[in-house]
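Trainee: This is the structure I have questions about; it appears just below.
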Amino acid sequence: TNKYYENSYFSVVSETTYFQNEWFPNARFLSEKAFKPIAMQHPFILVSVPNSLELFCKLGYKTFGEIIDERYDYVSDDGSRMIMIANEIERIANLKGKDLEEFIIKARDICKYNYKVLANKTQFLKEL
């Protein structure tokens, strides 16, 4: 899969859970899918239940709020959240010239930081 990362400048990660569950309204789950772009040093948009990016931060990672509009992560309505995600994907996919160059440069620092966090992990289970 390396060629896909090498030939793109961001990932869309469709996590295991997206729709909120009425019995567990605050349940968040991060699978290996969410950590693969970190291992590949690739910026990403996370398609998941609300507040999943907050969980990343609690685990010591940085998100891409500086270059990606991550307000979608706070939207509880599943349909509205998906529209916001789709709009942001389209915006980023259409970056060109200086805007694209700036995105890549800023993403690189965050990706390197996250990779170091992942590479230096010694504990993989944490009560949140």
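Trainee: Per 0.36 nm of contour for each residue apart, how much would the distance between residue 62 and residue 33 grow if the chain were fully extended, relative to their Cα-Cα spacing?
Mentor: Extending this stretch completely gives an extra 8.8 nm.
Trainee: Tell me, what is the percent relative contact order of the range 40-97, built from C-alpha pairs under 8 Å that lie six or more residues apart?
Mentor: So the answer I get is 33 percent.
Trainee: Starting from 0.36 nm per residue, how many nanometres of slack lie between residue 89 and residue 113 once their C-alpha separation is accounted for?
Mentor: Extending this stretch completely gives an extra 6.4 nm.
Trainee: For a quick check of your reading of the filter: which chymotrypsin sites (Phe, Trp or Tyr not before Pro) in the range 1-99 sit in a DSSP loop and have no more than 11 other Cβ atoms within 10 Å?
Mentor: 19, 23
Trainee: Okay, moving on. Can you list which of the GluC sites (Glu not before Pro) found in the range 34-116 are DSSP loop residues with at most 13 other C-beta atoms within 10 Å?
Mentor: Taking the range 34-116 and a limit of 13 other Cβ atoms within 10 Å, the loop GluC sites (Glu not before Pro) found are 66.
Trainee: Take the Cα pairs of the chain, get the Kirkwood Rh, then feed it into Stokes-Einstein at 20 °C and 1.002 mPa s and tell me D in µm²/s.
Mentor: Stokes-Einstein gives a translational diffusion coefficient of 140 µm²/s.
Trainee: At most 16 other Cβ atoms within 10 Å and a DSSP loop assignment: could you name the trypsin sites (Lys or Arg not before Pro) in the range 75-123 that fit?
Mentor: Answer in residue order: 96, 121.
Read-outs: derived from the displayed coordinates by stated rules, not from any lab. This structure is a prediction, so every number in the text was calculated from the model and none was measured. With ideal geometry, Cβ positions are generated from the backbone for all residues, glycine too; neighbour counts draw on all protein chains shown.
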